[in-house]
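Colleague: Attaching a single structure in structure tokens format; questions to follow.
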Amino acid sequence: MVRETAPYQERCELARRMSGGLVVTLWWDEQSTDVAVTVTQGDRGAFQVVVDGSKALHAFYHPFAAAAAAAAGRRVRGAAA
């Protein structure tokens, strides 16, 4: 599921990386147990993808592929099946 970036009340930042002007952050929401990846492009905006926890690292390193898969209604692929 692709969501607009929305504030979480109780979320924990698990990882962050910066590359080519993008900031990619991996989040875990304590209340809902959702795992999400946000991509921020400076003043160009941001998007968030909620993924299955077993696919979190794949989505963290490949957020655009995860967003495309989620938008198309496909499961996010990764190393874990």
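The values are calculated or read from the model by the stated rules, or taken from the named source; none is laboratory data. Since the structure is predicted, the reported quantities are computational estimates derived from the model, not experimental observations. For neighbour counting, all protein chains shown are included, and Cβ atoms are generated from backbone atoms with ideal geometry for every residue, glycine included.
Colleague: Considering the range 33-51 alone, what residues qualify as being acidic (D, E) and in contact with a helix residue (DSSP H, G or I) (Cβ under 9 Å, 6 or more places away or on another chain)?
Modeller: Initial filter on the range 33-51 (acidic (D, E)): 34, 43.
Passing the criteria: only D34.
Colleague: How about the range 25-44: which of its residues are closer than 19 Å to A68 by Cα, outside any helix (DSSP H, G or I) and at pLDDT below 90?
Modeller: The answer is D34, and nothing else.
Colleague: Enumerate the pairs (first residue in the range 26-38 and more than 12 Å from F60 (Cβ to Cβ); second residue anywhere and among the small types (G, A, S) and surrounded by fewer than 21 Cβ atoms within 10 Å (Cβ to Cβ)) with beta-carbon separation below 9 Å, excluding pairs fewer than 6 apart on the same chain, so at least 6 apart or on different chains.
Modeller: Qualifying pairs under 9 Å: T33/G53; D34/G53.
Colleague: Looking only at residues that are part of a loop (DSSP other than H, G, I, E, B) and at negative phi in the range 2-24, which one is modelled with the lowest pLDDT? Walk me through how you get there before you give the answer.
Modeller: Applying the first criterion (part of a loop (DSSP other than H, G, I, E, B)) to the range 2-24 yields 4-10, 20-21.
Those still in the list that are at negative phi too: 4-10.
Values: E4: 50, T5: 52, A6: 52, P7: 55, Y8: 47, Q9: 58, E10: 76.
Ranking the candidates gives Y8 first.
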